Amino acid sequence: MAVPNPAGAGADLLLVDNDATIAELVAWVLQRAGYRVRTAQSFAAARGLLLAARPDLVLSDVDLGAESALVELPQLAAAGLLPATLVVSGYLDEDKRALLGALPMVVGFLDKPFDPRELAARVELALAEACARGLVGPGGALPAAGATGNAGWESPPSGEDGDSDDGWIEIGGGL
């Protein structure tokens, strides 16, 4: 499936999700859209990656089993480690949105399940919002459109030929 190449393509993203299958699929879709993607299956792992290199945008699930974004994102923000963040979850009620939305680094929300084109569009909007808020510099922190990166997802997930244009990817199951 062809996913549009957004203006922020080439940006460095960190995906935090404890479901390896979902992380692989989301990373693959975003890499096809031109983003560089690193993944972490816990906030502890994400903290290490954030210390090593600050991404332009974090995509964070809320419920990571033993860890919760409701606790971890405010702690990362207090430590000065939280970059612009798009919260992605199948379980976002008004209270969770209000709590997380109060963090200055949270630039948007995306409900699961979602279409891959919606994912790429929301990432582009989140990067634009981060830029408008001064959280990411235009051109400086975001590499030029069309830049490519490789975070280990060189081919589509198993059993996919990568050329399907059938639309929906069901993400969210037992999260």
Quick one: grab Rg to one decimal and Dmax as a whole number for the range 1-128, Cα atoms only, in Å.
13.3, 40
How much FRET efficiency would the formula 1/(1 + (r/R0)^6) give for residue 54 and residue 132, where r is the Cβ-Cβ distance and R0 is 22 Å, rounded to 0.05?
0.75
Taking the dipole of the range 6-97 about the Cα centre (Lys, Arg +1; Asp, Glu -1; charges at Cβ), the one of 66, 21, 79 that reaches farthest to the positive side is 79
Once both label points are put 7 Å beyond Cα along the C-beta direction, the residue 63-residue 79 separation in nm becomes 2.5 nm
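Would you mind working out the magnitude of the charge dipole of the range 12-132 relative to its Cα centre, with +1 at each Lys and Arg C-beta and -1 at each Asp and Glu C-beta, to the nearest 20 Debye?
400 debye
Computed from the coordinates by the stated procedures, all read-outs in this text should not be read as laboratory data. These figures come from a predicted structure and were not determined experimentally. Neighbour counts run over all protein chains shown; Cβ positions are idealised from the backbone, glycine included.
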